[in-house]
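Here's the structure, in structure tokens; my notes come after.
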Amino acid sequence: MPAYSCDVNGLMRAAACFQDKCMSDGDRKAIMIYGRIKNLAAVGGTDYSSNLQQLMIDSVKWRKRAEDELKAILTYITLENAIADGASINLNPNSLATAAKCLGVNCVGTQDQNGILMYLLCALNTIDQPA
């Protein structure tokens, strides 16, 4: 299990130097890519740690997508991960929109959505274990 909890105050202290006052968004993304490279290798996937050229080759079709397309893919991956973990989800977009209606900006607002997404990511990561 991860060595952290979802205590937001503790996480804010630990993550302080990842804020805008310490680094740019591009630097943060580079660090996140590095972390995902290490994570992928740790769970038995391809180790790109010293092979940026291969990562660029393997990710070429992903790097050429519009932001909207990548967000759509992220949404679908999120649903597939839930299903793989045992959730019962109807993948029909209309059914999903109905099921998620009260989680939309009209009920909880954009800032609340962002916070809820981060909390749920943290909660999932604290219990998620490699196979």
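The values are calculated or read from the model by the stated rules, or taken from the named source; none is laboratory data. For clarity, every value in this text was computed on a predicted model and none was experimentally measured. Positions of Cβ are backbone-derived with ideal geometry, glycine not excepted, and every protein chain shown enters the neighbour counts.
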Review point. How many residues, within segment 55-65, are under 30 Å from residue 90 (Cβ atoms) and in a helix (DSSP H, G or I)?
Key: 2
Review point. So which residues in segment 100-131 are part of a helix (DSSP H, G or I), over 14 Å from the mean Cα position of the chain (by Cα) and over 18 Å from residue 74 (Cβ atoms)?
Key: 101, 102, 111, 112, 127
Exercise for review: Report whether or not residue 38 is under 21 Å from residue 123 (Cα atoms) and surrounded by 10 or more Cβ atoms within 10 Å (Cβ to Cβ).
Suggested key: yes
Review point. Would segment 21-28 turn up any residue that is surrounded by 10 or more Cβ atoms within 10 Å (Cβ to Cβ) and either touching a His at 6+ places or on another chain (Cβ under 6 Å) or within 20 Å of residue 124 (Cβ to Cβ) (or both)?
Key: no
**Study point:** Meets criteria (exposed (fewer than 10 other Cβ atoms within 10 Å of the Cβ), part of a helix (DSSP H, G or I) and among the acidic types (Asp, Glu)) for residue 68
**Key:** yes
Practice item. Keeping to segment 1-54, report how many residues are outside any helix (DSSP H, G or I) and in contact (Cβ under 8 Å) with a residue 12 or more places away in the chain. Key: 9
Check your understanding: List, please: which pairs have Cβ atoms under 6 Å, are six or more places apart or on different chains, and start with a residue in segment 76-105 that is closer than 14 Å to residue 117 by Cβ and among the aromatic types (Phe, Trp, Tyr) and end with one that is at pLDDT 95 or above and surrounded by 12 or more Cβ atoms within 10 Å (Cβ to Cβ)?
Key -> none
